[in-house]
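Student: Got a structure for you, written out below as structure tokens; questions coming shortly.
The values are calculated or read from the model by the stated rules, or taken from the named source; none is laboratory data. What you see is a predicted model, and the numbers here were worked out from it, not measured in a lab. Positions of Cβ are backbone-derived with ideal geometry, glycine not excepted, and every protein chain shown enters the neighbour counts.
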Amino acid sequence: MYIFAPYNLIMCCMVKKWIFPLLIGVCLINTSMAQENPILLFPKGAPGETIKLIEKADTDGGKTGGESVLRITNVSEPTITIYHAPDEVASGAAMIVCPGGGYNILAYDLEGDEVCEWLNNLGITAVLLKYRVPRREGLEKHEAPLQDVQRAIGYVRANAENLNIDPKRIGVMGFSAGGHLAAMVSNNFLKRTYPAIDATDKVSCRPDYRIFDPHLLHDLHDRYGACLWQYHDQRTETTLSGRATRCQCDL
């Protein structure tokens, strides 16, 4: 199932200046996130990685809504961090969150943990993906990150019972490059793009629903054609034909 949400509408919920008044006004919930420690997706090393990079994080550069943005790069050990929805509102749904950054950095707070907090208040368990950046020389920009998000979805589904989520209600969303990554995994789930490591890689990495920025979809539609977005299963049939303006989804 596809969800097409205007980027500026999503982002207005993410900016620090507005997120708490908005969430209180919409959800009337006052909770703190139940955040777990990061989980290594590839404990014995990510596919193709031969050098451990020194991860860098800074808040230099442009601001959004008057606030600094935490930018992370040199990621060679991809992780997920799970933010559990509060028990009183938990719906059983989960969402993999892919920050943007041009496949060179990750806008880790604005398009990452702040999004997870927003999702938690909606009753959705959020899974923040720290995928590999910057782009790897000699590879397509999304090749290594696609491995990471496939592994992340498989891990969450394989551990759904322990995470108290429904294995048939695991979605993916992203911003900018993260939105592109969400689109790539939505169309590349029949086979892993790396050699299977363990039982987790035998579990489906197909997302059950997706949130895309329609501007991203419009660009991809122009480049690849609507056939890229045909999707069929027993529950839904969706074909992109231009810029989407409506969506329906039971999270």
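Student: Scanning for something within 19 Å of Tyr155 (Cβ to Cβ), at pLDDT 95 or above and of a type in the set (Val, Ile, Thr), does the range 118-125 turn up at least one residue?
Tutor: yes
Student: Continuing with the same structure: Which pairs have Cβ atoms under 8 Å, sit 6 or more apart or on different chains, and link a residue in the range 51-65 that is touching a residue at least 24 places away in the same chain (Cβ under 8 Å) to one that is in a loop (DSSP other than H, G, I, E, B)?
Tutor: Sorted first by the residue in the range 51-65, then by its partner, the pairs are Ile51/Ser76; Lys52/Ser76; Lys52/Glu77; Ala57/Leu70; Ala57/Tyr108; Thr64/Val15; Gly65/Val15.
Student: Confirm whether Asp148 is more than 10 Å from the chain's Cα centre (by Cα) and closer than 29 Å to Thr59 by Cβ.
Tutor: Criteria met by Asp148.
Student: Let me ask something additional. Find the residue count for the range 108-122, including only residues that are crowded, with 23+ Cβ neighbours inside 10 Å, within 21 Å of Ser76 (Cβ to Cβ) and of a type outside the set (D, E, K, R).
Tutor: 1
Student: Look through the range 185-205, keep the residues that are among the small types (Gly, Ala, Ser) and assigned to a helix (DSSP H, G or I), and return whichever of them is surrounded by the fewest Cβ atoms within 10 Å (Cβ to Cβ).
Tutor: Checking each candidate, the answer is Ala199.
Student: Select from the range 50-85 the residues that are part of a loop (DSSP other than H, G, I, E, B), β-branched (Val, Ile, Thr) and surrounded by 12 or more Cβ atoms within 10 Å (Cβ to Cβ) and list them in ascending order.
Tutor: Of everything in the range 50-85, just one residue is part of a loop (DSSP other than H, G, I, E, B), β-branched (Val, Ile, Thr) and surrounded by 12 or more Cβ atoms within 10 Å (Cβ to Cβ), namely Val69.
Student: Among the candidates Asp113, Asp166, which residue alone is touching a Phe, Trp or Tyr at 6+ places or on another chain (Cβ under 8 Å) and charged (D, E, K, R)?
Tutor: After applying the criteria, what remains is Asp113.
Let's see how each residue does on (1) of a type in the set (Asp, Glu); (2) in a helix (DSSP H, G or I); (3) at pLDDT 95 or above:
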| position | (1), (2), (3) |
| --- | --- |
| Gly179 | no, yes, no |
| Ala183 | no, yes, no |
| Pro207 | no, no, yes |
| Ser241 | no, no, no |
| Cys249 | no, no, no |
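Student: Also: Exactly one of these conditions fails for Asn164: (1) surrounded by fewer than 22 Cβ atoms within 10 Å (Cβ to Cβ); (2) in contact with a helix residue (DSSP H, G or I) (Cβ under 9 Å, 6 or more places away or on another chain); (3) not aliphatic (A, V, I, L, M). Give me its number.
Tutor: (2)
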